Structure formats: structure tokens, C-alpha cells
1. Can you give the accessible area per residue of the chain, in Å², using a 1.4 Å probe?
2. Say each of ALA212 and ILE123 gets a label point 7 Å from the Cα, pointing the same way as Cα to Cβ; how far apart are those two points in nm?
3. Nearest 10 degrees, 0 to 90: what angle lies between the long axis of helix 82-92 and the longest principal axis of the chain (Cα atoms)?
4. Ignoring ligands, DNA and RNA, please state the percent of accessible area on region 52-173 from carbon and sulfur, probe 1.4 Å.
5. Under 14 Å from the 7 Å Cα→Cβ point of ARG280, by amide nitrogen: which residues of region 155-183?
6. Mind jotting down the three principal axis lengths of the chain based on Cα atoms? Whole angstrom, largest first.
7. List the aspartates and glutamates whose Cα lies under 15 Å from the Cα of LYS204, skipping any in the same chain that are fewer than 8 positions away.
8. Under the rule a/c < 1.5 gives rounded, and otherwise a/b versus b/c splits prolate from oblate, where does region 194-249 land using the Cα gyration tensor?
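The values are calculated or read from the model by the stated rules, or taken from the named source; none is laboratory data. Everything numeric in this text was worked out from a predicted model, so none of it was measured. Counting neighbours? That spans all protein chains shown, and the Cβs are built from the backbone with ideal geometry, glycine included. Keep in mind that these areas ignore ligands, DNA and RNA; they rest on the heavy atoms of the full protein, side chains included. Shrake-Rupley method; radii C 1.70, N 1.55, O 1.52, S 1.80 Å.
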Amino acid sequence: MSTARNFRTGLLLLIALGVGALMLGCRTTSAEAVHVVEVGAGEFTFSAPQTIEAGRVTLRLTNYGQELHHAQLIRLNDGVSYDQFATALMEEGEAAVPAMATLVGGVGAVSGHGSADVMVDLIPGTYVIACFVPSGDGQPHFAKGMMAPLLVTGQAMLSSLPESSGTFTMADFAFDMPDSLPAGPATYRVVNAGEQPHELNLLKLAPGKTLADAQAWEAAPSGPPPYQAVGGINGISPGGEGYMHLNLPPGDYIAICNIPDPASGQAHSHLGMIKAFTVR
Ligand SMILES: [Cu+2]
């Protein structure tokens, strides 16, 4: 064997070892090392596990339907049953939430055939997965069947804080986050520093479309929307926080909160919680 050939064999071996190490590395990144809980959404039902172990999970929402769907994760106060909460929600809508439960995030709205991830530290208790997105008839999806109980069992785990590339803050009524984010995988911490629940949903604008186009379409929808809903984090009660795993391709985006202000009845997006940003 010539020296050149030996060198090439050695190089190939090194490359193979390197690729192997990279693959092992990928498997243990923060996004994948935790248990993935798959939630499927369609018109008008969720498919999700009914019981899971406490601890840190990646909650992955995949939309198999046509309409927008989100997976709002709600933890019921101790002593509140799923049936009690479901009845109150049907009667009072989201006004029923503060007295009975805490909004603990979940996956923001995703367009049909899309999928998005958030990360949640689940403590034991009774949770609800619900979709508050309204259909064309004005009825929220939970009233059509998109509401499911989730029992979290076992012990609360004390785990170290996840690594994140930055913290985004939600206030009454604004987002504090960068104007530009890097493309590709990243985890961001999202904190609710306001006195109302907030969410940070993400819309990817169609090429050439602007925030004004999105607002005009929202005010008077006609034809397909000028954006794709690509997830983000769903409602978080005041003082709470969550983590979202993003893997955004380059483009123009909007962060938006659609939660209504009880006083005015207006969506928070109309009070300032809408922000354009770029991914490059
Ligand atoms: Cu809000």
C-alpha cells in the first residue's frame, strides 16, 4: 500500500468517525434528547396521548386538517376536574380560565400540513389540550370537539434550565424581541411579563407580502391568506414562561398575539402585539 493510499484510508476513517460523532451529537441536542409528545390536529379533533409522565417534553403539533389549529396547553388547578372545566369553557369561553386553570403555553397556530414544536416542563396534574381558533361560523374549535384531557403522572422533576439563544418578552401590549433572527434550529425562552395572558404565534409572510397585507387580509379575508402560520408558543398566563424550538427558513415573518383583551374585546394584536421580523 502506498503512503498516499494509506493517507487516504486514514482520512476516510477519520471522516467516518467524525460523521459518526456528529450523528451521536445530533441525537443528544437539547431539542431531541427529551421525550417527544405528538399531538395531531384536524377538523375537529385532537389525537394525543391521554397520560404521560411528568418531566421535560417536546410538544409537537402536526396539523392534518385544512383550517388553522393550535394546541393550547392548560393546567387545571388542583381540585378542578376536566368535566367542570369543559362545562365552564363551553358556557363562558376563555373568561372561565383564570379562576380554574393556568395557561402553560403549547404550540401556536399551524397551517394545514404544517408542524411545530415547543418545550414544556410538565409537573403532575390534569391538563387540557384545546383549540381556541374560530371557524368561519365564529365558533371556536374547542366547541366543535377540539378539547382533550391529558393526565400528567409521576413526580415533578427538577431539571436545569434549557439552553436558549435568547429571551423574548411579552407585555401589555407589545413584544420585546429582535428585529432579525438567524435561520435554522434555535430555542428561545418566552416570558409573559404582562398582567394578561399572551401568546407569541408566528406567521411566515408569502414572498413580497407585508405586515399591512396580513392586517388587510385579517380585516376582510378574501382568497388565500398572505402568510403561513408556523407555530410559535401559545397562551401563557401572567408570570409564566415557556420555550419554543424554531427551525425557520429565511423570510419575512410576523409575531402576533390573538388573545382578546377582556375590557375592549379587541385582540391584543390590535393593541400593539404584532411585530414584523426577518429571518436570514
Ligand atoms: Cu397578548
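1. 50
2. Reported label-point gap for ALA212 and ILE123 is 4.7 nm.
3. That works out to roughly 60 degrees.
4. 53
5. Answer for region 155-183: 179-183.
6. 81, 49, 34
7. By straight Cα distance, LYS204 reaches ASP179, ASP213, GLU218, ASP252.
8. Oblate is the answer for region 194-249, as a/c is 1.5 or above yet b/c matches or exceeds a/b.
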